[in-house]
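This report refers to the structure that appears directly beneath it.
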Amino acid sequence: MRSAPLSDQPALVNAELEDAHDFDTWRDLARAWVSQGVTPEHIRWAAASDSAPDLFASKDTPQPAASLRPVTANKRFIELARKVILHSSDTRLALLYRLLWRLQCDPHLLEKTSDADVHALTQLERQVRRDIHKMRAFVRFRLAHDPDGTDRYVAWFEPDHAIVRANAPFFLNRFASQRWSILTPDLSLHWDGAQLAEGPGADPRDAPGEDEIEGLWQRYYASIFNPARLKVAMMVKEMPRRYWKNLPEAALIPSLIAGAQARETQMVDQGADPFQRPPPTSLNEIAEGISTCTACPIGCNGTRAVAGEGPGRARLMIVGEQPGDFEEQQGRPFVGPAGQLLDGHLETAGFDRAEIRLTNAVKHFKFEQRGKRRLHQNPTAGEIDHCRWWLDAERRIVQPTIVLALGASAGRALLGRTPSIAKERGQPYQLADGSQLWLSAHPSYLLRLSGEAQAREQNLFARDLAAVRVALQG
């Protein structure tokens, strides 16, 4: 943008802001002077609180001249400027004006990241954004009481920049139902449940030192402290020591770090293989072992373990997810409604159930009690993986040629990952022991469908069994 002739410009203008962090006021002044062609070199930006303005500068605020072209700035600049003006740097106002001035001739200026002014702008914005984040993360309220006896939560915080007012909406949204105050050296915020008020800066001694729930918070922090993931340098970077004095949990950090190694060793010991013994070598040994197994929460829920059923050596092993309500009561796999549906399909496909080894990926029934009913719950991946130790032993003993896994949980117990039945059914997978794995839906899934969907899935299930039948004959 061309500047006005020097003869038309004031020698030097004092751009004085009542609130040096008020973006709207800065924008109005900057727009007026850019419109009149006042170059950045002829403006001295200052806050009204500055003690020594330039004695030779004019304090008049010029009005935009109608004959000059309008001042423009893109959305990105406005967004950055709104944050940068909160920075404590004395150079931020001049930097913003200089960039606004240059944007009139170069609308793509902000895309030039190597430009010194653009680089400085982004650095200041990053520091302000980081300060905003730190305030949201490290404000700790402590319980105090108003003169009328009502509870008020009070926090002390020392920001690097003027971000307190900008952060107010965050705390209003999060703690709208409680009375709170945030005290800082330059500004205080007070929320009474209906209205937000601003007050002057405060002193750290105005905030309560501790409250009765501080011990509870410390116990929570200690419980979530993960020694296995401890990286002291990274922790200090993300939680700078300058904030520690206001954090109740900071008092625990030295001892938690000192004891991290011992706690990590303890965690490793607790997570070690629960089956510290040789695998079973007979089906009876498996049945006896699962009846007392407590390696996962399902084994501790008081239900009866259901062992596999069928020949000790079988060419086909069918693996379901877990015993259901009927199976747990009778102590046999696939004897409930889903088992009856499976029996019908096996007969249609030409299988003899008596020649098939039927078992489950998980040996106990996981359920949720609803009144008198026990509603099925899917086992977690961890529970399936724990119980795989028993299924692997059963497979080594039975030595099936083909394993048919019914449902994703059974597929996980065989593959070590959760497969997509819809995408992966209808084709064999080679297992490490040389047997073939086929995947299909669990019969209980077919029972939950109706109409065309059920008919479609019934056909797919029949097709899967027919494919397994052909594979066994091959």
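Remarks
- Between the alpha-carbon centres of the stretch 358-408 and the stretch 316-332 there is a gap of 8 Å.
- Extension gain for residue 325-residue 237 works out to 26.4 nm (0.36 nm per residue, less the C-alpha to C-alpha distance).
- Full extension of the chain between residue 276 and residue 473 yields a length gain of 66.9 nm, computed as 0.36 nm times the residue separation minus the alpha carbon distance.
- With a simple spin-label model that places each label point 7 Å from the Cα along the Cα-to-Cβ direction, the separation between residue 347 and residue 24 comes to 8.1 nm.
- Per residue value of the accessible surface for the stretch 173-262 (all protein chains in place, 1.4 Å probe), Å²: 63 Å²
- Rounded FRET efficiency, nearest 0.05, which uses the C-beta distance separating residue 224 from residue 72 and R0 of 45 Å: 0.35
- The length gained on full extension between residue 112 and residue 79, counted as 0.36 nm times the residue separation minus their Cα-Cα distance, comes to 10.2 nm.
- Between 0 and 90°, nearest 10: helix 214-224 axis offset from the chain longest Cα axis: 50 degrees
- For residue 25, the accessible area of its heavy atoms, probed at 1.4 Å with every protein chain present, is near 50 square angstrom.
- Charge dipole of the chain (Cα centre as origin; +1 on each Lys and Arg Cβ, -1 on each Asp and Glu Cβ, all else neutral): 1440 debye, rounded to the nearest 20.
- Protein accessible area in the stretch 392-474, 1.4 Å probe - carbon and sulfur %: 50 percent
- When each of the peptides 254-262, 101-109 is scored by how many other beta carbons lie within 10 Å of its residues on average, the order from highest to lowest is 101-109, 254-262.
- Taking amide H as placed 1.01 Å from N in the peptide plane, residue 144 has its amide H under 5 Å from the amide H of 152, 153, 154, each at least 5 places away in sequence or on another chain.
- Summary value for the chain: 8 percent relative contact order, contacts being C-alpha pairs under 8 angstrom separated by 6+ residues.
- Within the same chain, lysines fewer than 8 places from residue 372 are excluded, and of the rest, those with a Cα less than 23 Å from its Cα are 363.
- With each label modelled as a point 7 angstrom along the Cα→C-beta vector, the residue 375-residue 145 pair spans 4.5 nm.
- For semi-axes √(5λ) of the Cα gyration tensor in Å, calculated from these coordinates, the label among (1) 71, 31, 21; (2) 37, 30, 22; (3) 42, 30, 18: (1)
- Filtered trypsin sites (Lys or Arg not before Pro), the stretch 302-357: DSSP coil and at most 16 other beta carbons within 10 Å: 304, 313, 315
- Figure legend: label point modelled 7 angstrom from the Cα of residue 432 along Cα→Cβ; residues of the stretch 364-393 with amide N under 14 Å from it are 388-393.
- Restraint check, 112/134; 75/237; 134/231, Cα-Cα greater than 27 Å: 112/134; 75/237
The values are calculated or read from the model by the stated rules, or taken from the named source; none is laboratory data. Every value quoted in this text rests on a predicted model; they were computed, and no experiment measured them. Every residue, glycine among them, receives a Cβ derived from its backbone with ideal geometry; neighbour counts consider all protein chains shown. Remember, those area values only see protein heavy atoms, side chains included, never the ligands or the DNA or RNA. Shrake-Rupley method; radii C 1.70, N 1.55, O 1.52, S 1.80 Å.
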